[in-house]
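Before any comments, here is the structure.
Every read-out reported here was derived from the displayed coordinates using simple, explicitly stated rules and does not represent laboratory data. Remember, predicted model here, so these are calculated numbers, not experimental data. Cβ sites come from the backbone with ideal geometry, for glycine too, and all protein chains shown count toward neighbours.
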C-alpha cells in the first residue's frame, strides 16, 4: 500500500494522546518518504517536536558497532569464529576467554553478564524492577565511567550461560568488548572506527557519538519515568553516556536511521558476505525478558502481512527509538520517543500494559503495511 500521510499523522497524534510527550518519525516506501511529528519537546514551555530533531537512539548503536566490526572482517583483520583471547588476551581470564568467539560477543551468546546492576547501586536487584529505585540516574548524571572497569564488572559477574549456548542473554558487556577489539586491530578509537567506516561511509550528516553529556543541535528533552517511580517524569537529555559508550550512545535522526539501514541491507556498508553473517540469527533474551531473534547487531522481526523486517530498537534514560526495514528494502520506518519506561508495575512487580504500547504497535504496523 502507498503511504497515506493523513493516516500516518493521525497515528502519531494517537501516540501522543496515549501519553507520549513527543514522538516523531520518517516512513519510506521506495522513493517516497513521509515525516511527521506530534507533541512537545519540552513540556514546561510547550516547544513542539519536529521530525528533523537529533535524538539518542540507544542500542540501535549496536548495529553501527557491529557493522564497524564486520568492516574489519571484510578487511581480513577480524575472524568471527576466532577466540576473544586471541585478540585481547586475559581480558576474560581462563578458559572462558578462549571459548568466547567474536561472533558470540556480537550475537550475545558469550554468557557474559550485563554490568549495569553492578555499576548503578540502585539497580542491583535487576531484573526484579520492583526492588530497584531510579536514584542512580541522578547520582550518575555527570559520572565519567572507565569502559575497562565496566567490562571487568560484567566479567566478574555470574555468567548467564556457557559460551555459545542459546538462548543468549543481551548484555552491553559484549559490545564494550567489541569496542576494545576495534581499537586493538585498528589502532584507532572505537568512536573513530564507527565514524569513519560506518557513519561517514553511509553519508549520515546528523549522526554521531557524543564526546560529552550534551546533545548538540536541535533536540527534544528526554523524559524518564522508571516504571512510574519518577513522577512527574524527569529530563535526562543532559547525561554523560560513558556508562554505555559506543554500545548505546549514538545520537541520530529518523532520516539518518532509515538511510543507514537501507544502505546496510543493500550491501553498501559491509559486503554481501558480511551482511549474510549479520542476518544469521539465534534466540536471545532481551533486557525486557522477551525472546528475540538476534543476528550480528540486527533484530529479525516477522510482521504479519509483510514478512521479515530487519532493524533494531533502543532505549536510554528518557529517549527511545525503533528502526525497521522490510527484507526487500522497500518499506522503512524509524520512530523516536521522548519518554521511556512508561509502564507502571502491578502488585507482582510486572509492567502493566499501557495505551502507548498499543498505539506504538499500531503506528509501526501502519507505517510498514499502509
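Classified by the C-alpha gyration tensor, region 220-331 has a prolate form. Its axis ratio a/c, with a ≥ b ≥ c, is 1.5 or above, and a/b is larger than b/c.
For region 119-259, what's the relative contact order in percent, using C-alpha pairs closer than 8 Å and at least 6 residues apart?
Worked out over region 119-259, it gives 27 percent.
Sorting 359-369, 228-238 by their mean Cβ neighbour count within 10 Å, with the most densely packed peptide first, gives 359-369, 228-238. Each residue in 145, 260 was given a count of other beta-carbon atoms within 10 angstrom of its own, and listing them fewest first yields 145, 260. The length gained on full extension between residue 279 and residue 345, counted as 0.36 nm times the residue separation minus their Cα-Cα distance, comes to 20.3 nm.
Fully extending the segment from residue 139 to residue 303, taken as 0.36 nm per residue of separation minus the present Cα-Cα distance, adds 55.0 nm.
Summarising the label geometry, the points placed 7 Å from Cα in the beta-carbon direction at residue 286 and residue 216 lie 3.2 nm from one another. Taking a ≥ b ≥ c as the square roots of the Cα gyration tensor eigenvalues, region 64-153 comes out prolate, since a/c reaches at least 1.5 and a/b is larger than b/c.
Based on C-alpha pairs under 8 angstrom that are at least 6 apart in sequence, the chain has a relative contact order of 25 percent. Computed over the chain, the per-residue total of -39500 (n - 2.57) for DSSP H runs of n ≥ 4 gives a 222 nm mean residue ellipticity of -8500 deg cm²/dmol, rounded to 500. Peptides 269-280, 171-182 ranked from most to least packed by the mean count of surrounding Cβ atoms within 10 Å: 171-182, 269-280. With a ≥ b ≥ c taken as the square roots of the eigenvalues of the C-alpha gyration tensor of region 172-277, please select rounded if a/c is under 1.5 and otherwise prolate if a/b is larger than b/c or oblate if it is not? Cα axes put region 172-277 in the prolate bin. Each 20 Å bin from zero holds the following percent of Cα-Cα pairs in the chain: 30, 61, 8.
A full extension of the chain between residue 357 and residue 50 corresponds to an added length of 108.4 nm, given 0.36 nm per residue minus the alpha carbon distance. Region 1-47 and region 316-349 have Cα centres separated by 14 Å.
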